[in-house]
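As structure tokens, the structure follows; a few thoughts come after it.
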Amino acid sequence: MARFELKLPKMGESVAEATITNWLKEVGDKIEADEAVLEIATDKVDSEVPSEVSGILIEQLFGKDDLVQVGQTIAIIETEGDAPAAKAEETVAPVEVAAIEATIETAKETVSAPQDFSGSDKFFSPLVKNIAKEEGISVAELENLAGSGKDGRVTKEDILKYIENRKSGIVETPKAVVQAPKVAEPVVQAAPVQKSQQAVPVSVNGGDEIIEMDRMRKLISGYMVASVQTSAHVQSFIEVDVTNIVKWREKVKTAFEKREGEKLTFTPIMMEAVAKALKDFPGMNISVDGDYIIKKKNINLGMAAALPNGNLIVPVIKNADQLNLVGMAKAVNDLGNRAKAGKLKPDDTQGGTYTVTNVGTFGSVFGTPIINQPQVGILALGAIRKVPAVIETPEGDFIGIRQKMFLSHSYDHRVVDGALGGSFVKRVAEYLEAFDVDRDF
């Protein structure tokens, strides 16, 4: 017999860890190649980890809710093999066991004291957060550090110096340095106190049901609050006449489905217009990192999708500007179907540069969507309605029935002014209203 180490696979460019949510196989169970062994969750999606070999699961190195790093061994599978292979494995087994035990202890410490920055009023860069997480530094400790960066921000050098002092036994120095000059400390603490006071009126009686948020809802909650605290949200609204689009889709949808094997909805038509507008206004295809603006080379459109359990996820159409309408329809349908079935991969939700959400699906005329960080804009598509409208003709104006909808554009006023935000959504509207009813698909 031989021992095979099942490792946590790489799940995307920016995904470094995952949480085990459920073991599908128990110790002693037989496993076939490509059969799912456990379920994991990242900060974006849930997925399964299949086995690369057939054999017997003889050891689980992590438990449910444990945090595992990409590349770490999570289980041992015993496979058919020759005796020398087994002996060689037995020789290094003590070393492996020791390393695994150390890894488990480290993971347990990390899980037992998770860092939750959503309640902090101070800004910490991703690098500082990662260092704090790896070194077991609490959010309270970070908040008490004296930052040498702009506006008192904690830099990499600040936290590394603190770690060095803490290891040397000098743990009170950073706290003392911060507390002494912090004259406005009562003002900073006012926000948490206010939050606590706001929670007091909530009462529960015998007829109420208390339901804990699931993991994804907690993540969504944190993302939404962080986005509002990070970006200065401004909205622009514009009404669009999409009568030509409605007529064209009605005319070709049957032939489209017959030829392409895909349903043709309004979403890919809208996404095509957004991609074109982003090429015209690259200033909307950016992200913000501190005092720096990052201009994105690719146009990757996020597509907000509601899940059956009521949660929300945003799969991404990569290089959307390079797709024709058929390609866009296939991408929209594929991501939408896999989102509803829970089959998205972590990489499917990474790398978005701008997001579109269809609030009209639920009958909303327009909305004020929250920006998907670190992007700087999000467009909400309202419901298409038949409305009376003034129609201008060479013979004069008259009232007619038209198909219209509202576009709601939320953008980050830190880097996007009204001229750019308004011009962008106007360009999207122009592309939609100029839709060619004689075009082929």
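The values are calculated or read from the model by the stated rules, or taken from the named source; none is laboratory data. Quick caveat, the model's predicted, so the values are computed rather than measured. All Cβ positions, glycine included, derive from the backbone under ideal geometry; neighbour counts span all protein chains shown.
May I ask you to list pairs of residues, at least six apart or on different chains, whose Cβ atoms are under 6 Å apart, with the first in the range 379-394 being under 11 Å from residue 364 (Cβ atoms) and the second being assigned to a strand (DSSP E or B)?
Pairs found: 380/357; 380/408; 382/405; 382/406.
When residue 398 is evaluated against the numbered criteria (1) at pLDDT 95 or above; (2) outside any loop (DSSP other than H, G, I, E, B), which criterion, by number, is the only one it fails?
Of the numbered conditions (1) at pLDDT 95 or above; (2) outside any loop (DSSP other than H, G, I, E, B), the odd one out for residue 398 is (1).
Would it be correct to say that residue 339 is part of a loop (DSSP other than H, G, I, E, B) and without any contact (Cβ under 8 Å) to a residue 40 or more places away in the chain?
It is false that residue 339 is part of a loop (DSSP other than H, G, I, E, B) and without any contact (Cβ under 8 Å) to a residue 40 or more places away in the chain.
Residue 308 passes all but one of (1) more than 17 Å from the chain's Cα centre (by Cα); (2) at pLDDT below 95; (3) outside any loop (DSSP other than H, G, I, E, B); which number fails?
In the conditions (1) more than 17 Å from the chain's Cα centre (by Cα); (2) at pLDDT below 95; (3) outside any loop (DSSP other than H, G, I, E, B), residue 308 misses (3) alone.
Of all residues in the range 1-35 being basic (Lys, Arg) and part of a loop (DSSP other than H, G, I, E, B), which is modelled with the lowest pLDDT?
Once the filter is applied, the top-ranked residue is 10.
What are the residues in the range 249-294 that are in a helix (DSSP H, G or I), hydrophobic (A, V, I, L, M, F, W, C) and surrounded by 13 or more Cβ atoms within 10 Å (Cβ to Cβ), if any? Can you show your working first?
Taking the range 249-294 and keeping what is in a helix (DSSP H, G or I), we get 249-260, 267-280, 282-284.
Going one step further and asking which of them are hydrophobic (A, V, I, L, M, F, W, C), we end up with 252, 255-256, 269-271, 273-275, 277-278, 284.
252, 256, 269, 270, 271, 273, 274, 275, 277, 278, 284, listed by residue number.
Across the range 209-248, which residue is farthest from residue 39 (Cα to Cα) among those that are under 29 Å from the mean Cα position of the chain (by Cα), of a type in the set (A, V, I, L, M) and in a helix (DSSP H, G or I)?
The residue in question is 228.
One residue is enough: does the range 410-419 have a residue meeting the conditions touching a residue at least 12 places away in the same chain (Cβ under 8 Å), in contact with a helix residue (DSSP H, G or I) (Cβ under 6 Å, 6 or more places away or on another chain) and charged (D, E, K, R)?
no
To keep it simple, each residue is scored yes or no on (1) modelled with pLDDT of 95 or more; (2) surrounded by 21 or more Cβ atoms within 10 Å (Cβ to Cβ); (3) out of contact with any strand residue (DSSP E or B) (no Cβ under 6 Å at 6 or more places or on another chain).
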| residue | (1), (2), (3) |
| --- | --- |
| 373 | no, no, yes |
| 381 | yes, yes, yes |
| 391 | no, no, no |
| 421 | yes, yes, no |
| 433 | yes, no, no |
| 441 | no, no, yes |
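Being without any contact (Cβ under 8 Å) to a residue 60 or more places away in the chain and buried (at least 18 other Cβ atoms within 10 Å of the Cβ) is the filter here, so list the residues in the range 39-61 that pass it.
First pass over the range 39-61, keeping only residues without any contact (Cβ under 8 Å) to a residue 60 or more places away in the chain: 39-40, 48-61.
Within the range 39-61, 39, 40, 49, 51, 55, 57, 60, 61 meet the criteria.
Quick one: in the range 354-371, of everything that is among the polar types (S, T, N, Q) and buried (at least 19 other Cβ atoms within 10 Å of the Cβ), which residue is farthest from residue 228 (Cα to Cα)?
My answer is 358.
For (1) under 22 Å from residue 265 (Cα atoms); (2) of a type in the set (Asp, Glu); (3) surrounded by fewer than 16 Cβ atoms within 10 Å (Cβ to Cβ), each residue gets a yes or a no:
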residue	(1), (2), (3)
395	no, yes, yes
398	no, no, yes
409	yes, no, no
412	no, yes, no
